[in-house]
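Engineer: Below are the structure tokens for one structure; questions will follow.
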């Protein structure tokens, strides 16, 4: 009975404080009671080590995922080695035990397409080609490379885990050095005359700026207008043909249509009216790219999407902003399960440590790796949904609420800061084997 009465008190103060932004003002008794409620709903994770393949501790997670076609593995911060290790273990579980076929990650679509092609045609391992192509958090440190290593180990199996990039951002080894010539060669292979047009050099110049993420040196308004004109011509030439089952992506009109639109969206990301990076066009591209893969090469298959929580959570606290998760929710209602992995407050600002209105406040005392699924009990649902997770984003800390943006929560007591080694893991180049 005491739990019920203090639960109401805590919930009321939480909602009030969310509006006024004050301290938590929660009594010691209320904190103890809510701690008991959360502890009764959490499960201990035996290990975050990807080599641990006794997945019995992940059975509650598997039950929560159910028959979802898409699972978002999101991380509250880029830079946590423990998160990378845990999410790699979750990826292995989803692939081996839940029948997921592909991992779609926050890295350039063309860069990763080239990695897959080099693996197939030249035998280049993903571990070798990843630095400079996959986002450095996953390719230039020991923890992140565990995920890449797993992709290599599955490649020759009867059910390889497919690697796919969905980000519109370029700047990788392949996109900087190979995207333009490869695109031009493809257009010539389908007898397009666009590369011979007078405006093609200007288009290439703008694409070069985009590929190098040159947000500080935008093109002239005249060049940008020409770029958009050529982009419209490319859309007319490429976007009238749907993906044909069995096509290699880099030989598909539909793929190059998607790349045309992705590159086009980058102009708004890099050179928008406010003068700052605008993540909405980028996130819309990621969602549209993911949808293309899921309705094309991955038709009928299940996929994991690994990205930052700012992109993956379908709702982000009080901020109403379009992102990859919210867009995917429109495409695939009822088919998505979103997971958030968060850490201790060691990586967060000193002025935003968890308070009694934050879920982390109640997860920290155990000092264990924990899993919390969204419960079925309505009263507990209401309570947990009222408590925020403090996510470090690109700018200020924002609250994210259970069930509104994610349905599964993993907590690691330490961050596990990793070491990025740019010397040990350099970007490498291989000769292109063009077979258009």
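Engineer: Tell me, what is the FRET efficiency for residue 40 and residue 156 to the nearest 0.05, using R0 = 41 angstrom and their Cβ-Cβ distance as r? Walk me through the intermediate numbers first.
Structural biologist: On the way: r = 45 Å, r/R0 = 1.09.
Given R0 = 41 Å and the Cβ-Cβ separation, E is 0.35.
Engineer: Then there's this: Listing 417, 124, 26 from the residue with the fewest other Cβ atoms within 10 Å to the one with the most, what is the order? Before the final figure, lay out the partial values.
Structural biologist: Details: 417 13, 124 16, 26 19.
By the 10 Å Cβ count, ascending: 417, 124, 26.
Engineer: Taking the chain as the reference, fit the longest principal axis to its C-alpha atoms, fit the long axis of helix 109-122 to the helix C-alpha atoms, and give the angle between the two in degrees, 0 to 90, nearest 10.
Structural biologist: Tilt of helix 109-122: around 70 degrees.
Engineer: Let me have the 222 nm mean residue ellipticity of the chain computed from DSSP H runs of 4+ only, each contributing -39500 (n - 2.57), with the sum over all residues rounded to the nearest 500. Can you show the working numbers first?
Structural biologist: Values: 17 runs with 194 residues, N = 436.
Calculated mean residue ellipticity at 222 nm is -13500 deg cm²/dmol.
Engineer: Top mean-square fluctuation among 330, 284, 92, Gaussian network model of the chain, C-alpha springs under 10 Å?
Structural biologist: Per the Cα network of the chain with a 10 Å cutoff, 330 tops the list.
Engineer: Take 69, 133, 145 and order them by how many other Cβ atoms sit within 10 Å, fewest up front.
Structural biologist: Numbers: 69 16, 133 26, 145 21.
If I rank by nearby Cβ atoms, fewest first, I get 69, 145, 133.
Engineer: Moving on. Any idea what angle helix 28-39 forms with the longest principal axis of the chain, computed on alpha-carbon atoms, 0 to 90 degrees, nearest 10?
Structural biologist: So the helix axis and the longest Cα principal axis differ by about 50 degrees.
Engineer: Using the Cα gyration tensor of segment 224-288, with a ≥ b ≥ c the square roots of its eigenvalues, what is the shape: rounded (a/c below 1.5), prolate (a/b larger than b/c) or oblate (neither)? Numbers along the way, then the final one.
Structural biologist: Numbers: a/c = 3.54, a/b = 1.70, b/c = 2.08.
Oblate is the answer for segment 224-288, as a/c is 1.5 or above yet b/c matches or exceeds a/b.
Engineer: How much length would be gained if the chain were fully extended between residue 377 and residue 429, taking 0.36 nm per residue of separation minus their Cα-Cα distance, in nm to one decimal? Let's see the in-between values first.
Structural biologist: Working: separation 52, 0.36 × 52 = 18.72 nm, distance 5.46 nm.
Stretched out fully, the residue 377 to residue 429 stretch lengthens by 13.3 nm.
Engineer: Quick one: work out the % antiparallel among DSSP beta bridges in the chain, nearest 5. Each step should come with its number before you reach the end.
Structural biologist: Numbers: 13 of 41 bridges.
So the antiparallel bridges amount to about 30 percent of the total.
Engineer: In a Gaussian network model over the chain where Cα atoms closer than 10 Å are linked, find which of 356, 222, 379 has the largest mean-square fluctuation.
Structural biologist: Most flexible of the set in this elastic network: 222.
Engineer: Which whole-number percentage describes the relative contact order of segment 173-277, with Cα contacts under 8 Å and a sequence gap of 6 or more? Write out the running numbers ahead of the final one.
Structural biologist: Details: 81 pairs, mean separation 26.1, N = 105.
In percent, rounded to a whole number, it is 25.
Engineer: What Kirkwood Rh does the chain have if only Cα atoms enter the pairwise 1/r average? Answer in Å.
Structural biologist: Numbers: mean 1/r = 0.0436 Å⁻¹.
Here the Kirkwood hydrodynamic radius works out to 23.0 Å.
Engineer: Would you mind ranking 271, 138 so that the residue whose beta carbon has the fewest other beta carbons within 10 Å leads the list?
Structural biologist: Details: 271 20, 138 23.
Exposure proxy ranking, most exposed first: 271, 138.
Engineer: So, one more: In a Debye calculation with equal point scatterers on the alpha-carbon sites of segment 173-277 and no solvent, what is log10 I(q)/I(0) at q = 0.11 Å⁻¹?
Structural biologist: Results for segment 173-277 at q = 0.11 Å⁻¹ read -0.34.
Engineer: Determine the distance separating the Cα centre of segment 152-182 from the Cα centre of segment 219-267; give it in Å without decimals.
Structural biologist: When both Cα centres are located, 18 Å separates them.
Engineer: Taking only Cα atoms, what is the 0 to 90° angle, nearest 10, from helix 279-295's long axis to the longest principal axis of the chain?
Structural biologist: 80
Engineer: For the chain, calculate the relative contact order in percent as a whole number, restricting contacts to Cα pairs under 8 Å that are 6 or more residues apart. All intermediate terms of the calculation are to be shown ahead of the outcome.
Structural biologist: Numbers: 728 pairs, mean separation 107.7, N = 436.
Across the chain, relative contact order equals 25 percent.
Engineer: Can you bin segment 134-212 into rounded, prolate or oblate? Criterion: square roots of the alpha carbon gyration tensor eigenvalues sorted a ≥ b ≥ c, rounded for a/c under 1.5, prolate for a/b above b/c, oblate for the rest.
Structural biologist: Details: a/c = 4.44, a/b = 1.91, b/c = 2.32.
Oblate.
Engineer: Looking at the chain as a GNM with Cα springs under 10 Å, which of 144, 79, 66 has the largest mean-square fluctuation?
Structural biologist: 66
Values in this text are rule-based calculations from the coordinates and carry no lab data. Small disclaimer: the values here were computed from a predicted structure and weren't measured. Glycine also receives a Cβ, built like all others from the backbone with ideal geometry; neighbour counts cover every protein chain displayed.
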